[in-house]
Amino acid sequence: MQVPGSLYSNLFLPPPSTDGIMVESLVWNVIIERVPDHYVIPDLQVAAPFLDSQSLPKQR
């Protein structure tokens, strides 16, 4: 089933701002189930050298 991509914006750093993109919910629900709660794309450990450390979310 196609759903708005914004339902999965919490996975992205920064969240995408593009409206109107539809994604396949079955695929994205599997992704959500398999990644850790704190996971974002790109992975914070990969992105950290390129980002201001003050703007990174706190990990649990």
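Computed over every Cα-Cα pair of the chain and binned at 10 Å starting from 0, the pair-distance distribution P(r) comes out as 20, 48, 27, 5 percent.
Roughly to the nearest percent, how much of the accessible area of the chain is carbon and sulfur, given a 1.4 Å probe? Taking all protein chains in place, the chain shows 59 percent carbon and sulfur surface. If amide H atoms are built 1.01 Å from N in the plane of the peptide, which residues on other chains or at least 5 residues away come under 5 Å of the amide H of Leu13? For Leu13, whose amide H was placed from the backbone, the distant partners under 5 Å are Ile41. Comparing Ile21, Ile32, Ile41 in a Gaussian network model of the chain, where Cα atoms under 10 Å apart are tied by springs, the biggest mean-square fluctuation is seen for Ile21.
Accessible surface area normalised per residue over the chain is 81 Å², counting heavy atoms of protein chains with a 1.4 Å rolling probe. For the chain, modelled as a Gaussian network with Cα springs under 10 Å, which listed residue fluctuates most, Leu44, Leu26, Leu11? The residue that fluctuates most here is Leu26.
What order do Val30, Val46, Val40 take when sorted by accessible area (1.4 Å probe), most exposed first?
From most accessible down to least: Val46, Val30, Val40.
Subtracting the Cα-Cα distance of Glu33 and Leu11 from their residue separation scaled by 0.36 nm leaves 6.7 nm. Once the chain from Met22 to Phe50 is taken as fully extended at 0.36 nm per residue, the excess over their C-alpha distance is 7.1 nm.
The values are calculated or read from the model by the stated rules, or taken from the named source; none is laboratory data. Just so it is clear, the model here is predicted, and its values are computed rather than measured. Remember, those area values only see protein heavy atoms, side chains included, never the ligands or the DNA or RNA. Shrake-Rupley method; radii C 1.70, N 1.55, O 1.52, S 1.80 Å.
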